[in-house]
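Asks: Can you read through this structure? Questions will come right after.
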Amino acid sequence: MNWPWKRYNTDMALVLFTDFGSGDIYVGQLKAVLQRLAPQVAVIDLLHDAPAFNVRAGAHLLASMVGRFAEDSVFLSVVDPGVGGTREAVVVQADERWYVGPDNGLLSVVGARAAKGDCWRIVWQPEQLSASFHGRDLLAPVAATLAVQGSLPKGWFEHSGRLNVEFGGDDLPEIIYVDHYGNAHTGIRASGIPREARLALGELRLPFARVYSEVAEGSAFWYENSQGLAEIAVSCGSAAQRLGLKIGDGVAWE
């Protein structure tokens, strides 16, 4: 089997996207595997505080953040509440970037929005595999080997061409992330919302502003954030606290 991957180069990066928590014990264990198997490859912590167990929100958040990474970057992506169950592990190619993760929908939005892509099921198994930490024992070795070699040993994959769990490429009209400022990121790409529209959350109706400085301190509004998503904010304040927002709240525009 011929794999369409290039050989290792120093521009390659391993990009980590997880719900492990930036202050918990799991990220360090993940990085220990990467350091042992891919010591010369840069490791970038994209996010370790993705919404816990929320695969759909994670899928849309991941898709909004990948565009500035170089071709051949390898994303090790783990939001995996079904770990140890029947879900499979996969490698996805999407627009010349690579994604290693569970086949539970997490990689499906990236895949659906890509101009070109492919998918392989991981059949390789390590000698030791924890039932509850496939990110460390299965997915990290695959991602590290891909980043170093640009190809994997014969027999590690079965070509599937598609994922078992697909969310599609449409926007997700709900809050998918709340940052430490209290800003609420939605799963709606802002390019599809007219600037004269108001963002609707229950009884709330929020106007558009281009940047924080265009509104009075303490005012709530929506804007296009740096990932291209519609985001709800309060100038010099926490939108989540002031407006009572949380992940999963429905959002519309009118």
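Asks: Using Cα extents along the principal axes in Å as the read-out, say which of (i) 58, 36, 32; (ii) 59, 37, 36; (iii) 82, 40, 29 was calculated from these coordinates.
Replies: Here the calculated entry is (ii).
Asks: Between L229 and residues 5 or more places away or on another chain, which pairs have amide H atoms under 5 Å apart, with H built 1.01 Å from N, and which residues are they?
Replies: Those qualifying (amide H under 5 Å, at least 5 residues apart or on another chain) are A190.
Asks: Let me ask something else. Roughly how big is the chain's charge dipole about its Cα centre, with Cβ charges of +1 (Lys, Arg) and -1 (Asp, Glu), in debye to the nearest 20?
Replies: Values: 21 positive and 29 negative charges, 85 e Å.
Roughly 400 debye for the chain.
Asks: Identify the GluC sites (Glu not before Pro) of the range 62-130 meeting these criteria: DSSP loop state and at most 10 other C-beta atoms within 10 Å of the C-beta. Spell out each step's value before the answer.
Replies: Details: sites: E71, E88, E96, E127; in loops: E71, E88, E96, E127.
When the GluC sites (Glu not before Pro) of the range 62-130 are filtered for loop state and at most 10 Cβ neighbours within 10 Å, E127 remain.
Asks: Starting from the Cα-Cα distance between N164 and V43, subtract it from 0.36 nm times their residue separation and give me the gain in nm to one decimal. Could the numbers behind the result be given before it?
Replies: Working: separation 121, 0.36 × 121 = 43.56 nm, distance 2.85 nm.
Net length gain for the segment: 40.7 nm.
Asks: Also, I was wondering about something else. Quick one: compute the contact order of the chain, relative version, from alpha carbon pairs under 8 angstrom and 6+ residues apart, as a percent.
Replies: Relative contact order here is 18 percent.
Asks: Straight-line reach from K31: which aspartates and glutamates have Cα under 13 Å away, leaving out those fewer than 8 places along the same chain?
Replies: Cα-Cα hits under 13 Å: D45, D137.
Asks: Assuming a ≥ b ≥ c are the square roots of the Cα gyration tensor eigenvalues, decide whether the range 172-253 counts as rounded (a/c under 1.5), prolate (otherwise, with a/b larger than b/c) or oblate. Spell out each step's value before the answer.
Replies: Numbers: a/c = 1.33, a/b = 1.07, b/c = 1.24.
Rounded is the answer for the range 172-253, as its axis ratio a/c remains below 1.5.
Asks: Which net charge results when you count Lys and Arg as +1 and Asp and Glu as -1 among the other residues whose beta-carbon is under 13 Å from that of S22? Spell out each step's value before the answer.
Replies: Values: positive: K31; negative: D19, D24, D45, D49, D179.
Around S22, the charge tally is -4.
Read the figures in this text as sums done on the coordinates, not as results from a lab. Note that the structure is a prediction, hence the values are computed from the model and not measured. FYI the Cβ positions are ideal-geometry reconstructions off the backbone, even for glycines, and counts take in every protein chain you see.
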